[in-house]
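As structure tokens, the structure follows; a few thoughts come after it.
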Amino acid sequence: MLNFEVDPRVLHPLVPAGTELDDWQGQTFLSVVGFMFLNTRIFGVAIPWHRNFEEVNLRFYVRRKTSDGWRRGVVFVKEIVPRIAIALTARLVYGENYVAVRMQHHIELESDAILPNSMSYSWWFRGRENRLELTVGGDADQALEGSDAEFITEHYWGYARRRGGRTMEYRVEHPRWCVSRAAAARLDCDVAGLYGSQFVEFLHAPPASAFLADGSEVTVFRGTALPS
């Protein structure tokens, strides 16, 4: 997870109706996140050759006030996966902006280690290799209460803008993750081509923070449309 501070005015046009930007101590973040999905099931069904795959996404953070308090969530600018069927399913079910390109990942893991020493994701777009990489700088532990790591990992809702401007809300369930701070992290990416020129200034800067999360089982529930 590489987290970049961004001018909130850049994100305002992308904020789904019914939500507002969420910040950490006055800082607004964009995150580039690489995931390994393992043993994936769609509505409880495992699809052959589509269970284990990489994903790299660009996301930012919002919240929505409800009768039982704030719901803190994520908005995805774009999600990259290696198979067309995965992208089409996610677009249909959740209204997310998925694209399919060739991808691979690399993990450097010592034989007696629980977490990797380093991890990288690569993907190819318009004939160019793009790369997200991180070197671990310490042991894994639960994110401290009030820390930037807690802010980044503890969002349990997803929001997506559907056609006609309506907002789709869906719940994401997983236990708290342990995180390891990065000793080094780098994004080498065609930012303008993939995400838009408005993000170049921010994603070409060094990340404000970076860390590796241990991950867990994750359940993504079917979404519902917010009232107009």
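All of the numbers you see were taken from the coordinates with simple rules; none came from a lab. Treat the numbers as computed from the prediction; the structure is a model and nothing was measured. Cβ atoms come from the backbone with ideal geometry, glycine included; neighbour counts cover every protein chain shown.
Assorted remarks:
- Kirkwood-type radius of segment 64-144, with distances r between different C-alpha atoms, in Å: 16.0 Å
- For the chain, size of Cβ-based charge dipole, Lys and Arg +1, Asp and Glu -1, in debye: 1340 debye
- In plain terms, the chain from His106 to Gln142 could stretch by 10.5 nm, reckoned as 0.36 nm per residue minus the Cα-Cα distance.
- Estimated [θ] at 222 nm from DSSP helical runs (n ≥ 4, -39500 (n - 2.57)) normalised by residues in the chain, nearest 500: -3000 deg cm²/dmol
- Most tightly packed first, judged by the mean number of other beta-carbon atoms within 10 Å of their residues, the peptides 52-60, 133-141, 162-170 read 52-60, 133-141, 162-170.
- Size of segment 145-228 from its Cα atoms: along the principal axes, largest to smallest, the extents are 43, 35, 22 Å.
- Potential lengthening of the chain between Arg131 and Ala205 amounts to 25.1 nm, from the contour at 0.36 nm per residue minus the alpha-carbon distance.
- If you take the alpha carbon atoms of the chain and fit the smallest convex hull around them, that volume is 135 Å³ per residue.
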